[in-house]
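No lab work stands behind these numbers, since they all come straight from the coordinates. Keep in mind that what you see is a predicted model, and the values were worked out from it rather than measured. All Cβ positions, even for glycine, are placed from backbone atoms using ideal geometry, and neighbour counts span all protein chains on display.
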Amino acid sequence: MSTENALTNKRIKNNNNSMLRKTFFFLLPSLVILLIFFIGPILMTFLFAFTNMSLTGAAAQNIEFVGFRNFVNMFQDPSFKSSFITTMVFLILSGIIGQQILGFLLAVLMQNKNKSFRKFVGGTVMAGWVTPEIIVAFTFVSFLHDGGTLNQFIGWFGFEPVSWLFTFPMVSVVVANIWKGSALSMLMFQSALDNIPDSVNEAAKIDGANRFQRMMRITIPMIKNTIFTNLVIITLGTLGVFTLIYTMTGGGPAKATSTLPIFMYEQAFVNYQLGYGTAISLVILVIGIVISLLYIKLLKTED
Amino acid sequence: MLKKFLMISLLMLVITGLIACGDESDNSEGDSAPSTGEERVLKVSYPTWWEEWFFDLRDEFEAENEGVTVELIPLHDDVTTKQAMMMQSADTSPDVAVEDTFIINSDVNAGYLSPMDDILNDWDEWDKFEETTKQGVTAAADGKIYGVPFSTDVQGLWYNKVLFEEAGLPVPFEPQSWEELLNAAEVIKENTGDVIPLFTYVTKATGEATSMRTFQVLYSGTGSSLYDFDENKWVVDETALTDTFEFIDSVFQNDLGPSLSVASNSQVATLLSEDLMMNNKVSMVIDGNWVAASWREGRATPWPEALDTWGFTLIPTQFGQEPGFTSMSGGWALSIPAHASEKDLAAEFIKMAVNEQQQFDYVRRTGDMTVRTDVAVKEEYLDQPISNYREAAEMLSYTNFRPAVDDYPTVSTFIQEVVESVASGQSSPDQAVQEFENGLKRIVGEENVINK
């Protein structure tokens, strides 16, 4: 009896071990890729952020550790401060308010509508999401530039053309980013809303809860985890937006749309200060982590 | 069943894709590896705006040298950045690189370039190159020569005679101070229709042009300089800076300049020569002598009568003080990277590219000024249709050069930033001076800056 038990136990253990080996084996390719393309570069970022590495000049030949000089310079640089503020404005307007709320509204309004309507609206919103970023950028440039579609359109009503990208640069890139990104939020919220059992809503209805109360007391608490996940994804995505802004405005006019990724690019590849640019990218990473932690604390999610 | 079929076809597609990719990289490796047999490959990187010229150079060099293939590596934009990255390793380095003279000194200090003294001392044509352009390719650190110049230019004031006459201004226009320039712009604004009175480059999008063709042209007119070569320190001259920024400020805050959407177009140089200047939409432009070249026969927009409309004149110093006028000169050179694998061939290629015939061909195509004394005196050169080499030669006697020191490229992009913030109204001239001083100290270190 006992020997048999021990044997089964051993077999299970063996099974577990071979299971572990198999898991490891199948995970290996992605682990290797992660190591080469993700963890390696991150470690190098930490290293180079503390050097004076440069693309040209004497510092390109003799890389030296300079301690915290890059960071001291950065925090004294008024361009860093203005880029930080620009990034936050862009993040809050286009990411948190724009994509999140618009995506949510779309999902709510599409609930229980007929199928072809859902397909049409969903498809239209998805168009922005599936289009590559560079193409979205060029589309918006030709939509907004001096002789572009929008100016032609308002011209029919007798309005003077406006240089949208120069008069309202931030609004322009925010609208473009909302157009591009709302589909993801919409999809996430759609599936979350579909997962709320009808019985809960019906019970609340019978108890006399109105639409608004049901939204605040039932729907939102029940999709809290989705809100959190979505917030984190959108925040990290928006913090890294480069192509869209760089193509549409180049960070200008002056510094009006110069977010941190653009500031980083300019320092590293236009000013040839690779070490400084790397330090800025490290700060962007830290900002992303801090904001994510903040969300966890604010929303107190369980997972 | 259908699903399975789709999956399999997808898999096949991915696999063929991967194999195709593998093939491609194998091929290119075969191409670039130093060949053991008679086939030799010379890799030449070049900015695409000189494509036709480099195509011709390739054809001629291949015809003259049996068994040599010239592999051209086109650089569409960010030329200096991309080239610097390529020159970092022997695997990617070209054998011939095109260097803007402002970056040569930095690239030498970075160890990217190899000295050419031995090659040039044995070359009987080297003494035919202008002395000033030779200085531009000599490194400050070791006094060695790191490139062969092939082009230079001067900056002047282009003015539209038709619009000037329409506005009642004198033709020929010979301004003696900045004030006369601004007054003329005011008169144009009041008396002609929808015209840009005075175009200058003022945004980051126009890059080095903003720093050199606007800021440094004006700043040199105050009589001050950005760098003190006796003390080896950068200079903050508050009066000169304030006056320069005030000029830019008054142009843009009084609507005498282009709108920012025009000024921020990185292709604005083409827009100017092929549209705005041809269609009388702009009355004055501070720019290089080569602008007229785009109206020559064989270019996109030939305009044989261009110079009846457009005059080219000297830019005055601030109050007309000595020497009365000012200009800035840039230049380009062909260099051999330190990691080049075919240095002998590269030297031969460079010598051919700047020989008398090629140099004449080059200036005829581009409108740049020649760097060779034998070409400069040719009647054919001076009397080319739609050119102003006689005026340009006069400007050359007033010209200034950019400080060829290590930090210049970084300081220059910073200057572009400050100029843009003045032109867009984000900073007042006084704020801009403060920004300039703080930024300069941050970039080069406080100990390397002196106040004047």
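Rounded to the nearest 5, the antiparallel percentage of DSSP beta bridges internal to chain B is 60%. The length gained on full extension between B:Asp374 and B:Glu165, counted as 0.36 nm times the residue separation minus their Cα-Cα distance, comes to 71.4 nm.
Relative intensity of the stretch B:104-188 on a log10 scale, I(q)/I(0) at q = 0.17, 0.19 Å⁻¹, equals -0.71, -0.81, per a Debye sum over C-alpha point scatterers of equal strength in the absence of solvent. Placing a label point 7 Å from the Cα of B:Ala300 along the Cα-to-Cβ direction, the residues of the stretch B:50-93 with a backbone N closer than 16 Å are B:50-53, B:76-77.
Full extension of the chain between A:Leu293 and A:Asn62 gives 79.3 nm of extra length, using 0.36 nm per residue less the Cα-Cα distance. Mean-square fluctuations from a GNM of chain A, with a 10 angstrom spring cutoff on Cα atoms, peak among A:Val121, A:Val173, A:Val32 at A:Val32.
For a distance above 23 Å, tell me the whole-number percent of Cα pairs in the stretch A:1-114 that qualify. Summing the P(r) tail past 23 Å for the stretch A:1-114 gives 70 percent. Could you let me know the centre-to-centre spacing of the stretch A:203-252 and the stretch B:108-124, using Cα atoms, in angstrom? The stretch A:203-252 and the stretch B:108-124 have Cα centres spaced 61 Å from each other. Paramagnetic label reach from B:Asp117 (point 7 Å along Cα→Cβ; backbone nitrogen cut-off under 13 Å): within the stretch B:381-410, no residues. Any idea what log10 I(q)/I(0) is at q = 0.09, 0.12, 0.14 Å⁻¹ for chain B, Debye with uniform C-alpha scatterers and no solvent? Taking Cα atoms of chain B as identical point scatterers yields -0.65, -1.06, -1.36. Compared with the dominant principal axis of the Cα atoms in chain B, helix B:408-423 is inclined by about 50°.
Annotation: the stretch A:75-299 has a Kirkwood hydrodynamic radius of 19.5 angstrom, from the mean reciprocal C-alpha pair distance. Taking the stretch A:75-299 as the region of interest, the number of lysine pairs whose Cα atoms are within less than 30 Å, with members eight or more places apart or on different chains, is 17. Within chain A, which complete DSSP H helices have Cα atoms spanning at least 15 Å along the helix axis and a mean Kyte-Doolittle hydropathy of -1.0 or higher? What comes out of the filter, once short or polar helices are dropped, is A:2-34, A:78-90, A:115-130, A:133-144, A:169-194, A:224-239, A:274-299. Restriction of the trypsin sites (Lys or Arg not before Pro) in the stretch A:66-127 to DSSP coil positions whose beta-carbon has at most 14 other beta-carbons within 10 angstrom yields A:Lys113. The three principal axes of the Cα atoms in the stretch A:111-225 give end-to-end lengths of 57, 30, 28 Å, sorted in falling order. The H on the amide N of B:Leu113, modeled in the peptide plane, is under 5 Å from the matching H of B:Ala338, each at least 5 residues off or on a different chain.
Between B:Asp255 and A:Thr243, the FRET efficiency estimated from the beta carbon spacing at R0 = 30 angstrom works out to 0.35. Each Cα pair of the protein assembly as shown feeds into the Kirkwood radius, which the Stokes-Einstein equation turns, at 25 °C and 0.890 mPa s, into a diffusion coefficient of 82 µm²/s. Scaling against 2.2 N^0.38 Å puts the C-alpha radius of gyration of the stretch A:84-167 at 1.38.
How about the stretch B:74-160: which chymotrypsin sites (Phe, Trp or Tyr not before Pro) there lie in a loop by DSSP and see at most 15 other Cβ atoms within 10 Å?
On the way: sites: B:Phe102, B:Tyr112, B:Trp123, B:Trp126, B:Phe129, B:Tyr146, B:Phe150, B:Trp158, B:Tyr159; in loops: B:Tyr112, B:Trp123, B:Tyr146.
Of the chymotrypsin sites (Phe, Trp or Tyr not before Pro), the ones in loops of the stretch B:74-160 whose Cβ has at most 15 other Cβ atoms within 10 Å are B:Trp123.
The residues packed around B:Gln267, meaning those with a beta-carbon under 13 Å from its beta-carbon, carry a net charge of -3 if Lys and Arg are +1 and Asp and Glu are -1. Short-range pairs are left out: with C-alpha atoms under 8 Å and at least six residues apart, the relative contact order of the stretch A:11-103 is 14 percent. Across A:Met44, A:Met186, A:Met19, mean-square fluctuation computed from a Gaussian network of chain A (C-alpha pairs under 10 Å connected) peaks at A:Met19. Of all DSSP bridge pairs formed entirely within the protein assembly as shown, close to 60 percent run antiparallel. Taking 0.36 nm per residue of sequence separation and removing the Cα-Cα distance, the A:Leu28/A:Thr229 pair yields an extension gain of 69.7 nm. Residues whose amide H falls under 5 Å from that of B:Phe129, counting only those 5 or more places apart or on a different chain, are B:Thr373, with hydrogens built in the peptide plane. Under 5 Å between amide hydrogens, built in the peptide plane, is the criterion, and for B:Arg402 it picks out B:Ser329 among residues at least 5 positions away or on other chains.
Pairwise alpha-carbon distances in the stretch B:218-326 exceed 20 Å for 56% of all pairs. Sparsely packed loop sites in the stretch A:130-166 (the chymotrypsin sites (Phe, Trp or Tyr not before Pro) outside DSSP H, G, I, E and B with at most 15 other Cβ atoms within 10 Å) comprise A:Phe157, A:Phe159. Taking label positions 7 Å along the Cα-Cβ direction at both B:Asn355 and B:Ala140, the computed distance is 3.7 nm, reported to one decimal. Which whole-angstrom value gives the distance between the alpha carbon centres of the stretch A:108-131 and the stretch B:271-314? The two parts, judged by their Cα centres, are 53 Å apart.
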